[in-house]
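Just so it is clear, none of the values below were taken in a lab; they were calculated from the coordinates. Being a predicted model, the structure only gives us computed values, none of them experimental. Heads up, the Cβs are rebuilt from the backbone with ideal geometry, glycines too, and the neighbour counts pull from every protein chain shown.
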Amino acid sequence: MENKLKLTKPEQGLNGELHVPGDKSISHRAVMFGAVAEGRTTIHNFLMGEDCLSTISCFRKLGADIKLQEDAVIVEGSGWDSLSEPAEILDTGNSGTTTRLMMGVLAGRPFHSVLIGDESIAKRPMKRVTDPLKLFGTAIDGRDGGNFTPLSIRGGSLKAIKYSLPVASAQVKSAILLAGLQAEGVTEITEPQRTRDHTEKMILEFGGEIERQEDTIKLRGGQILSGTDVYVPGDISSAAFFMTAAAIVKGSRVTLKNVGLNETRTGIVEVMRRMGARMEVMEKPASGERIGDIIVETSDLNGIEIGGDLIPTLIDEIPVIALLATQAKGTTIIKDAEELKVKETNRIDAVVQELKKLGANITATDDGMIIEGTNTLQGSDVHSWGDHRIGMTLAVASLITDSPVYLEDADAIKISYPQFFEDLNILVK
């Protein structure tokens with residue numbers, strides 16, 4: 001149900017400590033690997049957002065034994081063959097990760113299943129996943145030749161493939177790896193640019209073997225995975241909103257605890273450093289994913305150019321980086337970010353249109369945007385476009401506007417950060 005939320009500028013800076021929710025990408029994958037591994041998997045700091053709950057729902061329909069506890073998610077795995085044909089359609093909600101990675105899981109299962117999502121998912125291109133999965137030998141059909149949901153998948157015996165990704169996409173790579181684990185032979189994937197590697201790390205964490213040589217990943221099929229304990233670090237994509245808020249709201253100092261510092265995800269840290277942010281990153285010893293605390297204070301920022309290999313490491317943070325750039329001296333250029341057009345919304349259009357309503361000097365380009373900084377933002381009616389990251393970006397913008405912001409469809413934020421406003425209030429007090 002849509003709602004309009006009144007957001008006002010705080011009387012003072014943001015101060016305090018936060019534990020941001022568990023990483024969304026890792027939470028999805030932990031459930032998936034736990035369901036196909038043998039033995040118990042205990043997932044700590046799991047993100048109880050709507051997207052990740054969609055993954056749990058889909059795997060339960062496939063017969064997986066998944067229990068939600070107050071402080072953990074318990075998955076009792078019995079191997080790939082324990083998954084069974086679902087009696088219902090698998091509804092992935094708003095989650096592109098669930099949809100695309102589920103296809104890789106289902107590709108090798110000897111039964112029929114149907115995937116469907118919400119209106120946003122129905123518009124997102126799936127051919128980039130269905131095409132390579134068909135090369136393995138999976139039968140997939142759907143609207144526009146398998147490019148859009150609903151998708152019908154009849155899995156079975158797979159043969160390994162060699163595949164060069166036409167676009168840098170961790171979701172496509174992960175779907176191919178999940179199919180490759182079930183295929184006969186060695187699957188090879190070559191990436192045009194390095195993308196987030198949570199799937200590769202998780203294969204190792206569950207006792208599997210995977211090899212990387214420069215841009216090529218090799219994975220042997222038929223491996224047996226073993227259940228394990230997974231600690232999900234705080235999501236740096238969620239932390240980015242408070243990192244930005246601390247940098248642009250006067251009198252702020254915010255510490256974000258136990259945030260994931262995977263090197264394929266820390267582009268936001270590099271960008272903020274290059275812009276001149278007052279920031280400290282304190283890494284902690286950890287097994288599996290790297291974690292640490294991030295401290296950000298009010299900063300004098302400068303515009304920069306952002307593009308190339310950096311883009312895959314911050315693709316989800318670009319909406320809030322655009323807001324950050326409105327408060328930097330000079331011009332910020334974001335380029336090579338065409339992927340933003342096929343996210344939950346066309347995020348280039350959404351960011352530009354909504355920030356313009358607040359008085360930002362921002363222009364859309366074919367592959368990004370140009371922002372002229374040091375704008376004074378004013379209040380206005382704005383819309384999340386049903387996109388959680390657009391919603392949070394606009395909520396952070398309200399912290400520096402000269403009059404209230406009225407955010408329509410603020411509920412979209414619950415997709416990845418159910419307690420966003422409660423956490424914001426902790427810092428305002």
| task | In whole Hz, with x marking every Gly and Pro, tabulate ³J(HN,Hα) for the stretch 360-375 from phi via Karplus 6.51 cos²θ - 1.76 cosθ + 1.60, θ = phi - 60°. | result | 6, 9, 9, 10, 7, 10, 4, 10, x, 7, 10, 10, 8, x, 6, 7
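Using +1 on the beta carbon of Lys and Arg, -1 on that of Asp and Glu, and nothing else charged, what's the dipole of the stretch 305-380 about the Cα centre, debye to 20? Provide the component values of the computation, followed by the final result.
Working: 7 positive and 13 negative charges, 81 e Å.
The dipole magnitude comes to about 380 debye.
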| query | If the chain between Asp367 and Leu204 were fully stretched, how many nm would it gain, using 0.36 nm times the residue separation less the Cα-Cα distance? | reply | 55.2 nm
| task | Have a look at Gly180, Gly137, Gly108 and tell me which one the Gaussian network model of the chain (Cα, springs below 10 Å) gives the largest fluctuation. | result | Gly137
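By the scheme Lys and Arg +1, Asp and Glu -1, what is the net charge of all other residues having a beta-carbon under 11 Å from that of Gly180? Can you show the working numbers first?
Working: positive: Lys159, Lys162, Lys173, Lys218, Arg220; negative: Glu184, Glu188.
So the environment of Gly180 carries a net charge of +3.
Neighbour counts of other C-beta atoms within 10 Å: give me Phe206, Phe421, Phe148 arranged from fewest to most. Provide the component values of the computation, followed by the final result.
Values: Phe206 24, Phe421 14, Phe148 18.
Ordered from fewest to most neighbouring Cβ atoms within 10 Å, Phe206, Phe421, Phe148 come out as Phe421, Phe148, Phe206.
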| task | Kindly put Arg29, Arg274, Arg124, Arg389 in sequence by how many other C-beta atoms sit within 10 Å of each C-beta, fewest to most. | result | Arg274, Arg124, Arg29, Arg389
| field | Label point distance in nm, Asp349-Lys335, each placed 7 Å from Cα along Cα→Cβ | value | 2.4 nm
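Could you list Thr298, Thr363, Thr313 so that the one with the fewest beta carbons within 10 Å of its beta carbon is first and the one with the most is last? Mind dumping the intermediate values first?
Details: Thr298 18, Thr363 12, Thr313 23.
Fewest-to-most Cβ neighbours within 10 Å comes out as Thr363, Thr298, Thr313.
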| field | Candidates Thr92, Thr374, Thr130, ranked by Gaussian network fluctuation over the chain, Cα under 10 Å, top entry | value | Thr374
